[in-house]
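Worksheet for the structure shown next.
The values are calculated or read from the model by the stated rules, or taken from the named source; none is laboratory data. All of these numbers come straight from a predicted model, not from anything done at the bench. No Cβ is skipped: glycine too gets one built from the backbone with ideal geometry, and neighbour counts run over all protein chains shown.
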């Protein structure tokens with residue numbers, strides 16, 4: 001090969017490298033909305049759920065235009081009522097008109113007033129892309145995964161669901177920085193001694209927290225867990241995992257006695273709300289927005305809590 005040919009080959013190689021570098025793009029910003037306990041049903045029902053709060057939240061979330069909406073269970077009031085799912089569809093028309101993606105998790109109310117097979121059929125009819133699945137994973141971006149679990153099914157050691165979860169986490173690509181786990185019953189919450197003791201964390205979800213402790217210590221990804229079931233807001237940092245309770249989607253509000261591990265100290269009640277998660281440049285920022293007055297002609301939301309966590313290898317940001 002002549003000297004001229006060699007030079008041309010080298011120039012071409014450099015051009016290919018430069019061209020490839022020029023097309024390397026940073027991770028895109030990701031915006032997620034997480035909340036739960038909406039209890040969609042006939043708007044004439046104002047005791048089990050607040051139709052005004054539910055509608056205000058749906059409208060505000062539509063304005064946010066997130067990449068995905070994660071609903072942590074109890075989407076219908078009664079999973080056996082097809083009309084409750086029809087109400088969900090009609091009340092969230094603004095989401096579909098904007099092409100917003102909904103990622104649901106099963107809650108106990110999805111199994112209310114029906115046999116399990118009929119309950120699941122109603123849920124799968126509402127979410128046909130999930131047919132045959134009770135737990136599932138979704139890619140939001142190259143660096144963000146969502147895992148939706150079913151707390152009506154077992155999460156204890158040796159269970160089918162936990163085995164699937166372990167395999168899913170073990171198979172995460174190296175590029176994944178954040179894993180958002182959505183489920184209904186909370187693994188970590190304010191332990192109540194006076195109110196609603198039956199909503200304290202159960203052995204099933206405590207077993208999940210034990211697994212996440214191990215997974216967090218060995219995985220390259222950071223884990224953020226968003227549960228519902230308790231119709232209020234709570235936030236914890238345990239074993240380097242962020243645990244949120246976000247059950248302010250419209251269901252009848254629950255008061256909670258806050259304990260020292262709860263990093264949220266707000267006393268506002270009722271606490272209808274949603275949480276926005278923004279992921280950009282190796283940081284996840286969480287913001288809780290509370291609905292000030294459900295009956296107001298122009299509903300207003302106030303930022304009541306904020307926190308940040310870093311991806312592994314990024315400069316640490318304190319969760320506050």
(Q) Just to check your reading of the model, which residue among 275, 256 is over 20 Å from the mean Cα position of the chain (by Cα) and farther than 16 Å from residue 52 by Cα? (A) 256
Q: Taking residue 305 as the residue in question, decide whether it is under 25 Å from residue 73 (Cα atoms) and assigned to a loop (DSSP other than H, G, I, E, B).
A: no
Q) Can you name the number of the only condition in (1) free of Cβ contacts under 8 Å to residues at least 60 places away in the same chain; (2) more than 19 Å from the chain's Cα centre (by Cα) that residue 191 fails? A) (1)
(Q) Could you check the stretch 284-296 and list, in sequence order, the residues that are surrounded by fewer than 17 Cβ atoms within 10 Å (Cβ to Cβ) and either under 16 Å from residue 223 (Cα atoms) or in contact (Cβ under 8 Å) with a residue 40 or more places away in the chain (or both)? (A) 285, 295
**Q.** Any hit, the stretch 164-184, residues being surrounded by fewer than 21 Cβ atoms within 10 Å (Cβ to Cβ), within 20 Å of residue 248 (Cα to Cα) and touching a residue at least 12 places away in the same chain (Cβ under 8 Å)
**A.** no
Q) For the stretch 112-128, does any single residue satisfy the condition of being surrounded by 18 or more Cβ atoms within 10 Å (Cβ to Cβ), touching a helix residue (DSSP H, G or I) at 6+ places or on another chain (Cβ under 8 Å) and closer than 19 Å to residue 203 by Cβ? A) no
**Q.** Within the stretch 123-163, tally of residues that are farther than 25 Å from residue 66 by Cα and in contact (Cβ under 8 Å) with a residue 60 or more places away in the chain
**A.** 1
**Q.** Residue check, residue 30 farther than 19 Å from residue 124 by Cα, touching a strand residue (DSSP E or B) at 6+ places or on another chain (Cβ under 8 Å) and modelled with pLDDT of 95 or more
**A.** yes
(Q) Which of the numbered conditions does residue 31 fail, given that it passes all the others? Conditions: (1) crowded, with 18+ Cβ neighbours inside 10 Å; (2) in contact (Cβ under 8 Å) with a residue 60 or more places away in the chain. (A) (1)
Q. Across the stretch 196-207, what is the number of residues that are in contact (Cβ under 8 Å) with a residue 40 or more places away in the chain and assigned to a helix (DSSP H, G or I)?
A. 5
